[in-house]
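Undergrad: Following this message is one structure expressed as structure tokens.
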Amino acid sequence: MDRSRRENFCGAQSRFSIVATTLPELITDHLVERESQRKIALGKGGQAIKAIGAEARKEIARLIEKPAHLFLFVKVRDGWADDPARYREMGLEFPRD
């Protein structure tokens, strides 16, 4: 699921990493900086993260042409967005302003 589609669900930009084990199983970490952001990402009763997962599963299944198992985790990591090492762990380039 691309960033703009996640933003439609979450209402704000979010950065996350995807770690593939053996397809069709994906484990994802959705990182936020504060507990209040975690609550927003999860949604009431987990509805927001459920909707993101359902949409992502459909898209992944379409791409790999078989069902996929997707495990979504929302984790609070204070200051992660300002940590170049965290970006490298995710295989991303640290954005320079």
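Undergrad: Among the residues of the stretch 57-97, write down those that are modelled with pLDDT of 85 or more, touching a strand residue (DSSP E or B) at 6+ places or on another chain (Cβ under 6 Å) and more than 19 Å from Lys39 (Cα to Cα).
TA: Arg57, His69, Leu70
Undergrad: Inside the stretch 54-79, can you point out the residues that are crowded, with 17+ Cβ neighbours inside 10 Å and either in a helix (DSSP H, G or I) or touching a Ser or Thr at 6+ places or on another chain (Cβ under 6 Å) (or both)?
TA: Answer for the stretch 54-79, where residues must be crowded, with 17+ Cβ neighbours inside 10 Å and either in a helix (DSSP H, G or I) or touching a Ser or Thr at 6+ places or on another chain (Cβ under 6 Å) (or both): Ala56, Arg57, Ile60, Leu72.
Undergrad: Another one. Taking the condition in contact (Cβ under 8 Å) with a residue 40 or more places away in the chain and on the phi > 0 side of the Ramachandran plot, does Gly43 pass?
TA: For Gly43, the condition - in contact (Cβ under 8 Å) with a residue 40 or more places away in the chain and on the phi > 0 side of the Ramachandran plot - is not met.
Undergrad: Count, please, the residues in the stretch 46-97 that happen to be more than 16 Å from Thr28 (Cα to Cα), touching a residue at least 12 places away in the same chain (Cβ under 8 Å) and basic (Lys, Arg).
TA: 1
The values are calculated or read from the model by the stated rules, or taken from the named source; none is laboratory data. Keep in mind that this is a model prediction, so the values were computed, not measured. Heads up, the Cβs are rebuilt from the backbone with ideal geometry, glycines too, and the neighbour counts pull from every protein chain shown.
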